[in-house]
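Report on one structure; see the data block that follows.
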Amino acid sequence: MPPPALRAPESLPTDLEGEIRRLKDEQNAVLLAHYYQEDEIQDLADFVGDSLALVQAAKRVDRDVIVFCGVHFMAETAKILNPTRKVVVPDLEAGCSLADGCPPDEFRAFIEAHPGAKVLSYINTSAEVKALSDLICTSSNAVGMLKHFEGQKVIFAPDRHLGRWVAKESGRDDLIIWPGICIVHEQFSARGLAELKMRHPDAEVLAHPECDDAVLAQADHVASTTGIIRRAVESPAETLIIATEDGVFHQIERKLEAEGRRKTILQAPGMDEGCSCNRCPFMRLNTLEKLYLCLRDLEPEVTVPEDVRVRALEPIELMLELSA
Ligand code: 13P
Ligand code: SF4
C-alpha cells in the first residue's frame with residue numbers, strides 16, 4: 001500500500017495580525033479573549049476579560065460570528081447564550097482540568113446522593129453539568145451567588161479549593177464540595193512562596209481562589225483575574241507576587257504603562273522549579289496561527305445540543321440577573 005499522501009504545510013500570511021483584523025471585519029466576527037491568552041491575542045481582541053465579564057460580553061454580541069480565545073467551556077457558554085450565532089475556537093482541544101474532571105454522569109450520581117441540595121456550579125464546567133445545576137458562579141461572584149441559597153443545603157462543584165475558600169468567606173462549614181482541581185493553580189508551592197516572601201518582605205501577594213489553602217493563607221488579596229489586575233495596579237506596593245496564570249501580567253503592565261508607571265512583578269513559585277507551570281496548557285493551545293485559520297475557515301465550531309442548551313441557559317441567566 002502506498003504511504004498516505006503528506007499534507008503540504010499551510011502557507012500563512014506574513015502579516016498574521018493584519019490578516020486577522022481584516023478577516024474579523026470580513027466575517028462580521030467579534031473576538032473575545034480571556035486574560036490567560038498570549039499577549040498578541042489579547043491585543044487583537046475586541047474584548048478581554050475574566051470569566052464573568054466574558055459571559056456578560058457574549059450576551060451583548062451583535063455580530064454573526066463569535067471567535068472565542070479561551071477554553072472550551074467558555075465558548076460553550078457563549079453558544080448557550082447565542083444559539084443563532086456561529087461560535088468558533090482556534091483549538092477544539094483547549095479543555096480545562098476542572099471541567100474535564102467533572103463528568104456529567106458521575107455528577108448526576110453525586111447530586112442524587114445528596115437529595116434536596118441546591119447545586120451551585122463554577123462556570124468551569126461542561127454544558128451538561130451546567131444543565132444539572134441550579135445556579136452558576138465565577139471566581140468573582142461565587143461568594144455572592146452562595147448567598148442566594150442561605151439556609152439551604154448546597155453542593156459546590158467542581159473546584160475544591162475555590163469551594164473551601166467560598167465556604168470560609170461565607171462562614172459556612174456545610175458545603176458539599178466536588179473534589180476537582182485546576183492543574184495550574186494547584187501547582188503553586190506554599191513553601192516556595194514563603195521563601196520568596198522572605199526575600200521580598202515589602203511585596204504584596206495576590207492569589208486566585210483556585211489555589212491551595214496554604215497558598216491562599218499567605219495572600220494579601222484573593223481575587224479573580226480581574227480583581228488581581230485591578231489590585232496590582234491600585235496597590236501602593238512596588239513589588240507584587242502573583243499566584244495565577246501569568247497571562248494577567250500583560251494587562252497589569254499595559255495599565256501601569258498607560259499611567260507611566262512600572263512595578264516588579266514576580267511569579268509565585270511552582271512545586272517544580274524552573275517549569276512554566278503557571279501557563280495553562282489548555283489556554284496556550286490557542287496561537288495566532290490557529291486564530292487566523294479559525295477566522296478564515298470559520299471552524300472548528302462549538303455546538304451544544306438544544307435540549308442541553310435550554311437547561312444550561314437557566315442557571316447562567318440566573319447568575320447574570322443576580323450579578324447585575
Ligand atoms: P476567572 O477568569 O474567573 O478569574 O477564572 C480564571 C480561570 O481559571 C478561568 O479558567
Ligand atoms: Fe482550567 Fe485551570 Fe486552565 Fe483555568 S487555568 S482553564 S481552571 S486548567
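The values are calculated or read from the model by the stated rules, or taken from the named source; none is laboratory data. Nothing here was measured: the structure is a model prediction, and the numbers come from that model. Reconstructed Cβ throughout: ideal geometry from the backbone, glycine too, with neighbour counts over all protein chains shown.
Only residues that are among the aliphatic types (A, V, I, L, M), within 16 Å of ligand 2 (Cβ to nearest atom) and not in a loop (DSSP other than H, G, I, E, B): list them for the range 115-140, please.
Filtering the range 115-140 for residues among the aliphatic types (A, V, I, L, M) gives 117, 119-120, 123, 127, 129, 131-132, 135-136.
Remaining after also requiring within 16 Å of ligand 2 (Cβ to nearest atom): 123, 127, 129, 136.
Correct list: A127, V129, I136.
Applying a threshold of 7 Å to beta carbon distances and a minimum spacing of six or more residues, or different chains, the list of pairs starting in the range 167-186 at a residue that is charged (D, E, K, R) and ending at one that is in a helix (DSSP H, G or I) and surrounded by fewer than 18 Cβ atoms within 10 Å (Cβ to Cβ) reads E169/V143.
Among the residues of the range 86-100, the ones that are away from ligand 2 (no atom under 14 Å from the Cβ) and not basic (K, R) come to 4 in all.
For the structure I just gave you, tell me whether G163 is modelled with pLDDT of 95 or more, part of a helix (DSSP H, G or I) and under 20 Å from L322 (Cα atoms).
Spelling it out, G163 is indeed modelled with pLDDT of 95 or more, part of a helix (DSSP H, G or I) and under 20 Å from L322 (Cα atoms).
Among the residues of the range 101-114 satisfying the criterion of being more than 10 Å from ligand 2 (Cβ to nearest atom) and touching a residue at least 24 places away in the same chain (Cβ under 8 Å), which is nearest to L285 (Cα to Cα)?
Applying the first criterion (more than 10 Å from ligand 2 (Cβ to nearest atom)) to the range 101-114 yields 102-114.
Now restrict to residues that are touching a residue at least 24 places away in the same chain (Cβ under 8 Å): 102, 104, 107-108, 110-111, 114.
Working: C102: 21, P104: 25, F107: 27, R108: 30, F110: 32, I111: 33, H114: 37 Å.
For the range 101-114, the residue satisfying everything is C102.
When each of V129, V88, V48 is tested for being within 16 Å of ligand 1 (Cβ to nearest atom), of a type in the set (A, V, I, L, M, F, W, C) and either over 30 Å from K24 (Cα atoms) or out of contact with any His (no Cβ under 8 Å at 6 or more places or on another chain) (or both), the lone residue that passes is V129.
Among residues of the range 71-82 that are within 13 Å of ligand 1 (Cβ to nearest atom), those with a beta-carbon under 8 Å from a residue that is of a type in the set (K, R) at least six positions away or on a different chain give the pairs T77/K130. Contact map, the range 39-53: residues that are within 15 Å of R21 (Cβ to Cβ) paired with residues that are β-branched (V, I, T) and assigned to a helix (DSSP H, G or I), Cβ distance under 6 Å, separation 6+ or inter-chain. Pairs shown: L44/I20. Would you check which residues across the range 208-229 are among the charged types (D, E, K, R) and surrounded by 17 or more Cβ atoms within 10 Å (Cβ to Cβ) and list them? Result: E210, D212. In the set (1) under 26 Å from V143 (Cα atoms); (2) within 16 Å of ligand 1 (Cβ to nearest atom); (3) modelled with pLDDT of 95 or more, N278 fails one condition alone, (3). The condition (being surrounded by fewer than 20 Cβ atoms within 10 Å (Cβ to Cβ), among the hydroxyl-bearing types (S, T, Y) and more than 15 Å from the chain's Cα centre (by Cα)) is satisfied by just one residue among S133, S189, S170: S170. Take the range 268-287 and flag every residue that is of a type outside the set (G, A, S) and either surrounded by fewer than 18 Cβ atoms within 10 Å (Cβ to Cβ) or more than 19 Å from the chain's Cα centre (by Cα) (or both). Result: P269, M271, D272, E273, C275, R279, P281, R284, L285, T287.
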